[in-house]
1. With everything on Cα atoms, drop me the angle between helix 2-48 and the longest principal axis of the chain, reported from 0 to 90° to the nearest 10.
2. Between 115, 96, 15, which gets the highest mean-square fluctuation from a Gaussian network model of the chain, Cα cutoff 10 Å?
3. Can you tell me the length gained on complete extension of the stretch residue 25 to residue 71, counting 0.36 nm per residue apart and subtracting the Cα distance?
4. In a GNM of the chain with a 10 Å cut-off on Cα contacts, which of 81, 60, 21 has the highest mean-square fluctuation?
5. For the chain, compute the orientation-averaged projected area of the C-alpha convex hull (one quarter of its surface), in nm².
6. Please identify, among 18, 87, 53, the residue showing maximal mean-square fluctuation in a Gaussian network model of the chain using a 10 angstrom Cα cutoff.
7. About the Cα centre, and with charges only on the beta carbon of Lys, Arg (+1) and Asp, Glu (-1), how big is the dipole of the chain? Nearest 20 debye, please.
8. Of 104, 10, 38, which is farthest on the positive side of the dipole of the chain, counting Cα position, with +1 on Lys and Arg Cβ, -1 on Asp and Glu Cβ, and the Cα centre as origin?
Amino acid sequence: MRSKGLSYIVGVLLILGVTLAAVGVYTAVASQQSNILMQFNILDIRRAGESLVVVEYHRASGQLVLYNNGQVPTCLVEVVAVGVGAVYSNPSCSLIDPLRTDTISLGLVSPPQKITLVARTINNKILTYTIT
């Protein structure tokens, strides 16, 4: 009789130990996945909050006035004019704060009447602008 009671207690403790171990493993995996998803969300929010708008283009001087309409500081690292080639490259650009303007010089000599610019921001977001 005594061995039946002892084996019952050992069995219950074994089942309880396996259950607790499974819960621990599940919690660790779920926590890790949650952290990874939160990191992706932070990246997406940062990219979504990034927005540079062309305010004005001075054709004679080739200067482009940009307004940061986004929520995070950003800047243009590279600008390519379609059909013309690279017209601006600044890998160490100074950030434009939200709700501020900045002027960059494109260096276009006698630009066409209508140009399309493809720009890449510091966070690798691609923006296109058509200037007429």
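1. Around 0 degrees separate the two axes.
2. Checking each option, the largest mean-square fluctuation is seen for 15.
3. Contour length minus Cα-Cα distance gives 12.7 nm.
4. Top of the fluctuation ranking is 21.
5. Working: hull surface 48.3 nm².
So the mean shadow area of the Cα hull is 12.1 nm².
6. With Cα springs under 10 Å in the chain, the top fluctuation among 18, 87, 53 is at 18.
7. For this selection, approximately 540 debye.
8. My answer, from the dipole projection, is 10.
The values are calculated or read from the model by the stated rules, or taken from the named source; none is laboratory data. Since the structure is predicted, the reported quantities are computational estimates derived from the model, not experimental observations. Please note: Cβ atoms are built from the backbone with ideal geometry, for glycine as well, and neighbour counts cover all protein chains shown. Side chains are part of the model used for accessible areas, which takes the heavy atoms of the whole protein and leaves out ligands, DNA and RNA. Shrake-Rupley method; radii C 1.70, N 1.55, O 1.52, S 1.80 Å.
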